[in-house]
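Read the structure below first, then the notes.
Since every read-out is calculated from the coordinates, none of them should be taken as a lab result. Being a predicted model, the structure only gives us computed values, none of them experimental. Positions of Cβ are generated from backbone atoms using ideal geometry, with glycine treated the same way; all protein chains shown enter the neighbour counts.
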Amino acid sequence: VQLQASGGGLVQPGGSLRLSCAASGSIFSFNVMGWYRQAPGKQRELVAGFTIGGTTTYADSVKGRFTISRNSAKNTVHLQMNSLKPEDTAVYYCHAMRFDSLRYDYWGRGTLVTVSS
């Protein structure tokens, strides 16, 4: 399983970015998919995710600003980030989890998001 993340970059405060994660297989083969981020000196944290049934969850810090979505036809997951703040600066990672007697976690290479004027 490969997860290919893209879409990071430099954006001014208040701006928007859209991250994409392309999976090598069907996204419905995973129980959970989502985005994590890790800022310098901080632990990796969940930003947004959804279950195979479509239930979504967001970190309190991004509610109302970020939206996670999926395109099953293209096996992609997106994170639309609006009203970006400097504290959103981090490396963002695509994540997928499959549970089949054992738990399997998959991570994409991170994509850097920098929010700065």
*Starting from the Cα of residue 75, move 7 Å in the Cα-to-Cβ direction to define the label point; list residues of the stretch 1-22 whose amide nitrogen is under 17 Å from there.*
1-6, 20-22
*With label points built 7 Å along Cα→Cβ from the Cα atoms of residue 87 and residue 43, find their separation and express it in nm.*
1.8
*In a Gaussian network model over the chain where Cα atoms closer than 10 Å are linked, find which of 52, 27, 68 has the largest mean-square fluctuation.*
52
*Considering only 11, 35, 50, whose Cα is most displaced toward the positive end of the charge dipole of the stretch 1-65, charges sitting on Cβ of Lys, Arg (+1) and Asp, Glu (-1)?*
11
*With springs only between Cα atoms under 10 Å apart, run a GNM on the chain and tell me which of 93, 36, 106 wobbles the most.*
106
_Need the full-extension length gain, residue 51 to residue 116, defined as separation in residues times 0.36 nm minus the C-alpha distance. One decimal, nm._
20.2 nm
